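The values are calculated or read from the model by the stated rules, or taken from the named source; none is laboratory data. These figures come from a predicted structure and were not determined experimentally. Note: ideal-geometry Cβ built from the backbone for every residue, glycine included; neighbour counts use all protein chains shown.
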Amino acid sequence: MRLSGTLRVLLSALTFIVAVNACGDDHDHSHDRRNAYQKRLLPQTQLPVPTRPLEWGDFNIIHTTDTHGWLLGHQHTSFPEPNYSGDLGDFSSFIALEKDVDLLLVDSGDLHDGTGLTDGYPVGGIDAHDANQFIKELPYDLMAIGNHELYDYINTWDMYTNFVPALDGKYLASNVNITIFDANNNTVDVPVGNRFLKFKTRKGRRITSLGVLYDFTGNDVNTTVQSVANMVQEQWFADAIAEEPDLFLLAGHMPVSFDNWPTVFNAVRAVHAETPIIILGGHSHIRDCNQPDGRSMALESGRYMETIGWLSANLGDSSDVNKSNNITFSRRYLDQNRVTYEYHSQQSNNTFDTTKGQNITEGLLDLSVKYDLSMLYGIAPQDYTISRNPYPSNGSSLTLFVADAMPYALTINNTRANNTNVMITNSGSQRFDIYAGTFDKNDQISASPFLNAFVFIADVPFGVAQQVLPALNGAGADERKRRDLSDVLEERESEMWKRGYVDRRYMEWLDEMDRRHDGAVKRAAQNLTLGYVTSDSCPGIGDDILHAPLASFPTPDFIGSINNAPPSLSNDSLVDLVFVDFIQAQFQTNTTYTDSDVKSYTPVLTNAVLGLYAQEFWN
């Protein structure tokens, strides 16, 4: 492992710099596609039924964002997972809705990174290349690029060469370029997709669209992201918005609240004060809606194929004289399952599926078999959650990972296994909950997808090593230091946000939801199934199904445990300080270690830890 500069480690007086979360073959194998299909939760699963039809206008949009490979749906039986048990084939059948009005299908980015269908490719493959073939089967009218399309140049190149052409101009990347070789073998920067798109709808409405990425800085070499503020100063932008359409449709991978959509909105409004504007955002993984003014609406539709967004508007005829009147909008957050789809399409389980939808489901199941995603590591004895159980506790997946799984998996065939160690990692290494029942390759990838290495420093005094974790989490600071720390945290949070880490924003949303609805008290009183309970800035009730809110407990940025500690351990005893390389920059003191002091602890990476543990203890 190569380190830039020197790594400073706590060794006496501790100072603190913190980062928020970053984001032998003994297995049982199942290659039966039909067995895999049986894992899907069909409508006979007791799911709540919507109580009111969708509000249709003369202009309507179905919206997806941050799907991250969840194309076979959420397959476990513990709630809230059944709420999201539809797959992309079911979704394809749903969007075959027919009415004599405009109905567009729009996506706001992040097709890569999240499940085995994207990340489980064999050696020599490319993330999401195979899964995206099924996305191309859907009749999207508009798609925008996300930050997860840019972490690895090979993924961006694959999108540019194999995915974008299939969308025939409908894939937008207004402020994102890729460096390629031209016909003369010279390097040139070109947009990954179109900068803008002008088109007419089925009913003849003239649409001008952009596809904007937030101010992302974690992109790979040979890709470029222009800031939103600079983008709106470009001549092409002025030219694109100069002619007034019937509607500006601004799609992009940027949250509709607390980000830079106002920069784009105001730039358009400066030229067209009354033209309807619809914004479709993403990235922060939450359900959200606001109205910048009376003739606009901005919608964000969650994450992981949990939520399908619905937006409708009564735009009227383009010749209407009262163009300054407020527009009637509606929005709805649909739980992504067949019960929802069948209700709103007025179909039964026997009549709902289209041939294309069935073919997509079959193809995804074939891909699951090709990637061996049903390879079984073990049977999880219970649910383990990131934030719905307190940390530390027996139901916490963070506790499971750092106190049980890491000490076992990292010491397999390790000559230092019997040494006392202090192990530390970032809680953001865990991306999704673990549910009771089968724990297979797909679950492993979904729960802990990151490819980080573990390193260690030998012979650290235990008295010092045990102070590292609380120092990283800011414990024990006096009032002045807490004020200083607050500034550091705010700056670091901003930096990590720019690099693409959204966990903190999503967790804050869950916390607010739990506080607002009184958590367990409301859950017991109403006897509702668990799910999202959305409060946004748009009028009316947005959630399609009434749920009880998910419990939410605070999670520290860093987690750790002490292992193999004898009762006689003193502060002067020497231990191994083991930590994930991702957080190496967060260690700092007045004593400096060189690169040679930091060594690889194990070849096991973070994404393999849970599988190794499950194979040993859940069989």
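Assessment of the range 71-89 against the conditions (modelled with pLDDT under 95, over 28 Å from the mean Cα position of the chain (by Cα), assigned to a loop (DSSP other than H, G, I, E, B) and hydroxyl-bearing (Ser, Thr, Tyr)) yields no matching residue.
Residues in the range 409-436 that are more than 19 Å from residue 560 (Cβ to Cβ) and touching a strand residue (DSSP E or B) at 6+ places or on another chain (Cβ under 6 Å): 433, 434, 436. The lone criterion from (1) modelled with pLDDT of 95 or more; (2) within 22 Å of the chain's Cα centre (by Cα); (3) buried (at least 19 other Cβ atoms within 10 Å of the Cβ) left unmet by residue 558 is number (1). Within the range 328-351, the set of residues being over 17 Å from residue 47 (Cα atoms) and either in contact with a His (Cβ under 6 Å, 6 or more places away or on another chain) or part of a loop (DSSP other than H, G, I, E, B) (or both) comprises 350, 351.
Scanning the range 275-320 for residues that are closer than 24 Å to residue 148 by Cβ and of a type in the set (S, T, N, Q) returns 284, 301, 307.
Is it the case that some residue within the range 379-394 is part of a helix (DSSP H, G or I) and either at pLDDT 95 or above or basic (Lys, Arg) (or both)? Walk me through it before giving the result.
Keep residues of the range 379-394 that are part of a helix (DSSP H, G or I), which gives none.
Checking the range 379-394: not a single residue is part of a helix (DSSP H, G or I) and either at pLDDT 95 or above or basic (Lys, Arg) (or both).
Among the residues of the range 358-376, just one is within 12 Å of residue 134 (Cα to Cα) and hydroxyl-bearing (Ser, Thr, Tyr), namely 361. Scanning the range 116-133 for residues that are surrounded by fewer than 18 Cβ atoms within 10 Å (Cβ to Cβ) and in a loop (DSSP other than H, G, I, E, B) turns up 122, 123, 124, 125, 126, 129.
Across the range 93-115, the number of residues qualifying as crowded, with 23+ Cβ neighbours inside 10 Å and out of contact with any strand residue (DSSP E or B) (no Cβ under 7 Å at 6 or more places or on another chain) comes to 7.
Entry remark, the range 134-156: residues being buried (at least 18 other Cβ atoms within 10 Å of the Cβ) and assigned to a helix (DSSP H, G or I) number 7 in total.
Whether a residue is of a type in the set (D, E, K, R) and either in contact with a Leu (Cβ under 8 Å, 6 or more places away or on another chain) or in the same structural domain as residue 508 (by TED's automatic domain parsing) (or both) was assessed, and residue 431 does not pass this test.
If you go through the range 422-432 and keep only what is over 30 Å from residue 462 (Cβ atoms) and in contact with a helix residue (DSSP H, G or I) (Cβ under 6 Å, 6 or more places away or on another chain), you end up with just 432. If the condition is being among the basic types (Lys, Arg) and at pLDDT below 90, then the range 316-344 contributes only 323. Only one of the listed residues (535, 568, 573) is within 30 Å of residue 115 (Cα to Cα) and of a type outside the set (Asp, Glu). That residue is 535.
Among the residues making up the range 157-176, a single one is among the acidic types (Asp, Glu) and assigned to a helix (DSSP H, G or I): 158. Has the range 412-431 got any residue that is surrounded by fewer than 24 Cβ atoms within 10 Å (Cβ to Cβ) and in contact with a Gly (Cβ under 6 Å, 6 or more places away or on another chain)? Yes: the range 412-431 contains one or more residues that are surrounded by fewer than 24 Cβ atoms within 10 Å (Cβ to Cβ) and in contact with a Gly (Cβ under 6 Å, 6 or more places away or on another chain). Residues of the range 237-252 include at least one that is within 17 Å of residue 497 (Cα to Cα) and in contact with a Ser or Thr (Cβ under 9 Å, 6 or more places away or on another chain).
For the range 178-193, give me each residue that is surrounded by fewer than 20 Cβ atoms within 10 Å (Cβ to Cβ) and either polar (S, T, N, Q) or at pLDDT 95 or above (or both). 179, 180, 184, 185, 186, 187, 188, 189, 190, listed by residue number. Residue 366: among the charged types (D, E, K, R), surrounded by fewer than 24 Cβ atoms within 10 Å (Cβ to Cβ) and in the same structural domain as residue 79 (by TED's automatic domain parsing), yes or no? Spelling it out, residue 366 is indeed among the charged types (D, E, K, R), surrounded by fewer than 24 Cβ atoms within 10 Å (Cβ to Cβ) and in the same structural domain as residue 79 (by TED's automatic domain parsing). Look at residue 227 and say whether it is closer than 23 Å to residue 333 by Cβ and either outside the structural domain of residue 174 (by TED's automatic domain parsing) or of a type in the set (Ser, Thr, Tyr) (or both). No: the conditions fail for residue 227.
Among the conditions (1) at pLDDT 95 or above; (2) closer than 30 Å to residue 570 by Cα; (3) not small (Gly, Ala, Ser), residue 375 misses just one, which is (2).
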